[in-house]
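Undergrad: Quick one: the structure is below, questions incoming.
The values are calculated or read from the model by the stated rules, or taken from the named source; none is laboratory data. Since the structure is predicted, the reported quantities are computational estimates derived from the model, not experimental observations. Don't worry about glycine lacking a Cβ; one is built from the backbone with ideal geometry, like all the others, and counts go over all protein chains shown. Accessible surface areas use protein heavy atoms only, side chains included; no ligands, DNA or RNA. Shrake-Rupley method; radii C 1.70, N 1.55, O 1.52, S 1.80 Å.
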Amino acid sequence: MTHSIIKDLSARYTTKQYDPSKRISAENIEIIKEAIRLSASSINSQPWKFILIESDEAKNRLDATFVNKYQPNRHHAKEASHIILFAHNPNYQRDDHKKVLDINVALGRLKEEKYDAALNGALHFADLLRDEQGSNATWTKAQTYIALGNALHTLARLGIDSTPMEGIDSELIGEVFTDELNGYVCHVALAMGYHADAEDFNFGLPKSRLATEEVFTVI
Ligand SMILES: Cc1cc2nc3c(=O)[nH]c(=O)nc-3n(C[C@H](O)[C@H](O)[C@H](O)COP(=O)(O)O)c2cc1C
């Protein structure tokens, strides 16, 4: 297939070694941020925070979170140009959804008189997704993966390399980035930058995917 979407998605791959001397431009960082912000989410909940790690100081803090586990991912903390922590709200509730609806009112998408019904409907939905402990984190976490997928495609379009990482220590990240996370939880991160030509064993390998007939049922 020659479509540009397919070319982008075939060319992107998980980078295993970054060239620390290569930085993503400020202009591209703004595009990446905006693409992620525009991601879709269930009931437009946007139950996420994205911590963009850019400074050496922040990279050193991230590096320290690999002290106990997931060492193979550790070197990206200092070698990638930027890393994004994708964090979710573990308890999406009334005030969170009010923020969304207030924007809808300001934009003229929602009339004041329909506000309460919209809020109650959304909260009912969010409550249905709570587990036995009362947490709706499974649902909110799922939303961060939509943003992650969107980021992967955006980066592919921009010709920027990336590494999605679930191999991160969520607990330590929670401690080291307490202020920035403000109660949100990070289970997945994305390193971004440009691969080191000779040292990235993953670069140039053929794309490995299950066959279309295996994953698609057309009815
Ligand atoms: C949610 C998610 C988590 C991942 N976690 C890691 C990780 O911790 N470390 C790593 O090197 N690769 C990680 N990967 C990369 C996958 O192994 C990779 O996407 C998969 O093998 C397909 O290869 P490709 O990305 O090169 O097409 C992750 C990918 C995703 C989507």
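Undergrad: In nm, what is the difference between 0.36 nm times the number of residues separating Ala198 and Leu38 and their Cα-Cα distance? Intermediate values should be presented prior to the final figure.
TA: Working: separation 160, 0.36 × 160 = 57.60 nm, distance 3.53 nm.
Roughly 54.1 nm would be gained on extension.
Undergrad: Determine the share of the chain's accessible area contributed by carbon and sulfur atoms, expressed in whole percent, with a 1.4 angstrom probe. Walk me through the numbers on the way to the answer.
TA: Numbers: 6750 of 12750 Å².
Roughly 53 percent, rounded to a whole number.
Undergrad: Measure off 7 Å from each Cα along the Cα-to-Cβ vector at Asp179 and Val67, then give the distance between these two points in nanometres to one decimal.
TA: Going by the 7 Å Cα→Cβ label model, 1.9 nm.
Undergrad: So if I place +1 on the C-beta of Lys and Arg and -1 on the C-beta of Asp and Glu, and nothing else carries charge, what would the dipole magnitude of the chain be about its Cα centre? I want it in debye, nearest 20.
TA: Details: 24 positive and 31 negative charges, 94 e Å.
Here the size comes out at about 460 debye.
Undergrad: Put a dot 7 Å past each Cα toward the Cβ at His124 and Ser21; how far apart are the dots in nm?
TA: 6.2
Undergrad: Residue separation times 0.36 nm, minus the C-alpha to C-alpha distance between Asp95 and Asn60: what's the value? Please list the in-between numbers first.
TA: Numbers: separation 35, 0.36 × 35 = 12.60 nm, distance 3.41 nm.
Full extension of this stretch gives 9.2 nm more.
Undergrad: Skip the ligands, DNA and RNA, and give the accessible area per residue of the chain with a 1.4 Å probe, whole Å².
TA: Details: 12750 Å² over 219 residues.
About 58 Å² of surface per residue is accessible.
Undergrad: If you add up the charges near Ile173, with Lys and Arg at +1 and Asp and Glu at -1, over every other residue whose beta carbon is less than 11 angstrom from its beta carbon, what do you get?
TA: Numbers: positive: Arg61; negative: Asp169, Glu171, Glu175, Glu180.
Here the charged neighbours net out to -3.
Undergrad: Next question, about the same structure. Pop the C-beta distance of Tyr115 and Tyr145 into the FRET formula with R0 = 25 Å and round what comes out to the nearest 0.05. Numbers along the way, then the final one.
TA: On the way: r = 30 Å, r/R0 = 1.19.
Taking R0 as 25 Å, the efficiency between Tyr115 and Tyr145 is 0.25.
Undergrad: Let me ask something else about it. Per residue, how much space in cubic angstrom lies within the convex hull of the C-alpha atoms of the range 43-90?
TA: Numbers: hull volume 4.7 nm³, N = 48.
Measuring per residue, one finds 98 Å³ for the Cα hull of the range 43-90.
Undergrad: I'd like the accessible area for Asp56: 1.4 Å probe, protein heavy atoms, all chains in place, Å² to the nearest 10.
TA: Its heavy atoms expose roughly 110 Å² to the probe.
Undergrad: Let me ask something else. In Å and on Cα atoms, what radius of gyration and Dmax does the chain show?
TA: 19.3, 62
Undergrad: Taking a ≥ b ≥ c as the square roots of the eigenvalues of the Cα gyration tensor of the range 177-219, is the shape rounded (a/c under 1.5), prolate (a/b larger than b/c) or oblate? Write out the running numbers ahead of the final one.
TA: Working: a/c = 5.19, a/b = 1.33, b/c = 3.90.
Judged from the Cα gyration tensor, the range 177-219 comes out oblate (a/c at least 1.5, b/c at or above a/b).
Undergrad: Which entries in Lys49/Lys114; Lys49/Lys207; Lys59/Lys141; Lys33/Lys69 show an alpha-carbon gap greater than 26 Å?
TA: Over 26 Å apart, Cα to Cα: Lys49/Lys114; Lys49/Lys207; Lys33/Lys69.
Undergrad: Where in the range 190-214 is the amide nitrogen less than 15 Å from a point lying 7 Å along the Cα-to-Cβ axis of Ile31?
TA: Within reach of a label on Ile31, which here means backbone N under 15 Å from a point 7 Å along Cα→Cβ, the range 190-214 contributes 193-194.
Undergrad: In deg cm²/dmol and to the nearest 500, what is the mean residue ellipticity at 222 nm of the chain if only DSSP H runs of at least 4 residues count, each as -39500 (n - 2.57), divided by the residue total? Write down the numbers at each step before the final one.
TA: Values: 10 runs with 103 residues, N = 219.
Roughly -14000 deg cm²/dmol at 222 nm, from the helical runs in the chain.
Undergrad: How charged is the neighbourhood of Asn182? Take every other residue with its Cβ under 15 Å from the Cβ of Asn182, and add Lys/Arg as +1 and Asp/Glu as -1. Numbers along the way, then the final one.
TA: Details: positive: Lys49, Lys99; negative: Asp95, Asp96, Glu175, Asp179, Glu180.
Net charge in that neighbourhood comes out at -3.
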